1. Looking at (1) hydroxyl-bearing (Ser, Thr, Tyr); (2) open to solvent by 30 Å² or more (accessible area, probe 1.4 Å); (3) more than 14 Å from every other protein chain (Cβ to nearest Cβ), which is the one condition that is false for A:SER10?
2. Only one of (1) more than 11 Å from chain A (Cβ to nearest Cβ); (2) open to solvent by 70 Å² or more (accessible area, probe 1.4 Å) fails for B:ALA54. Which number is that?
3. Kindly check whether there is at least one residue in the range A:80-98 that is closer than 30 Å to B:SER58 by Cα, in contact with a Pro (Cβ under 8 Å, 6 or more places away or on another chain) and not in a strand (DSSP E or B).
4. Specify which of the listed residues (B:SER101, B:SER95, B:SER75) is modelled with pLDDT under 95, closer than 23 Å to A:PHE101 by Cβ and among the polar types (S, T, N, Q).
5. Give B:ALA93, B:ALA67 a once-over and let me know the one that is more than 10 Å from chain A (Cβ to nearest Cβ), part of a strand (DSSP E or B) and surrounded by 17 or more Cβ atoms within 10 Å (Cβ to Cβ).
6. How many residues, within the range A:12-48, are outside any loop (DSSP other than H, G, I, E, B) and of a type in the set (Ser, Thr, Tyr)?
7. Being over 11 Å from the mean Cα position of the chain (by Cα) and either polar (S, T, N, Q) or within 11 Å of another protein chain (Cβ to nearest Cβ) (or both) is the filter here; which residues of the range B:21-51 pass it?
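The values are calculated or read from the model by the stated rules, or taken from the named source; none is laboratory data. As the structure is a prediction and not an experimental result, all values here were calculated from the model. A quick note on method: Cβ atoms are made from the backbone with ideal geometry, for glycine too, and the neighbour counts reach across all protein chains shown. The accessibility values were calculated without ligands, DNA or RNA, using every heavy atom of the protein model including side chains. Shrake-Rupley method; radii C 1.70, N 1.55, O 1.52, S 1.80 Å.
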Amino acid sequence: KNQVEQSPQSLIILEGKNCTLQCNYTVSPFSNLRWYKQDTGRGPVSLTIMTFSENTKSNGRYTATLDADTKQSSLHITASQLSDSASYICVVSANAGKSTFGDGTTLTVKP
Amino acid sequence: EAGVVQSPRYKIIEKKQPVAFWCNPISGHNTLYWYLQNLGQGPELLIRYENEEAVDDSQLPKDRFSAERLKGVDSTLKIQPAELGDSAVYLCASSLGYGTSGTGELFFGEGSRLTVL
């Protein structure tokens, strides 16, 4: 069964600090991996999309990495801001469009 | 460009009552999804449409849930009768799909939060 496991489940950091969120998956055959940000009460919004051949991709202060061999991805947030407080969801898609969602990591950034 | 529009944003009903949610996808997106999201969990697919055809409804509880996508644009998700366990956020998403130049990136609406009393 295709699965996506995220860790930690929740994380609290101080404003200005960096943090790294983890995503492990067993989805096969792999097509792409995306990280979404979901603010409380809102729908998820895409941060990055990575295909098999990409091992790093940045979007401002967000940098995603992908190791397709170990089936692991990470999302690194640099110089965190209060507005980064949200749930971060890892989504892995197999060929033909079937997507498997992780349960997300809830990040709280405190002043 | 307008995003995915959902309504209502919030709905409170008593158990055994019917409820319906509406979704208008991004113009030109042929693929439409309905997801269910419980608190602290990721979205779970209920049904996926390619144009007006439901291509994956394996997770849709067909005894009480139904969906339609007339003319391959707007979609409606209905629950009848609602149960206490149906309380959740119902998310609609759309994408260009994999058969076109799109990457399959999902664009989500704000969701419809259902509370069943």
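1. That leaves (3) as the condition not met.
2. The one condition B:ALA54 does not meet is (2).
3. Yes, there is a match, as at least one residue in the range A:80-98 is closer than 30 Å to B:SER58 by Cα, in contact with a Pro (Cβ under 8 Å, 6 or more places away or on another chain) and not in a strand (DSSP E or B).
4. B:SER95
5. Going through B:ALA93, B:ALA67 in turn, the sole match is B:ALA67.
6. 6
7. Scanning the range B:21-51 gives B:SER27, B:ASN30, B:THR31, B:ASN38, B:LEU39, B:GLY40, B:GLN41, B:GLY42, B:GLU50, B:ASN51.
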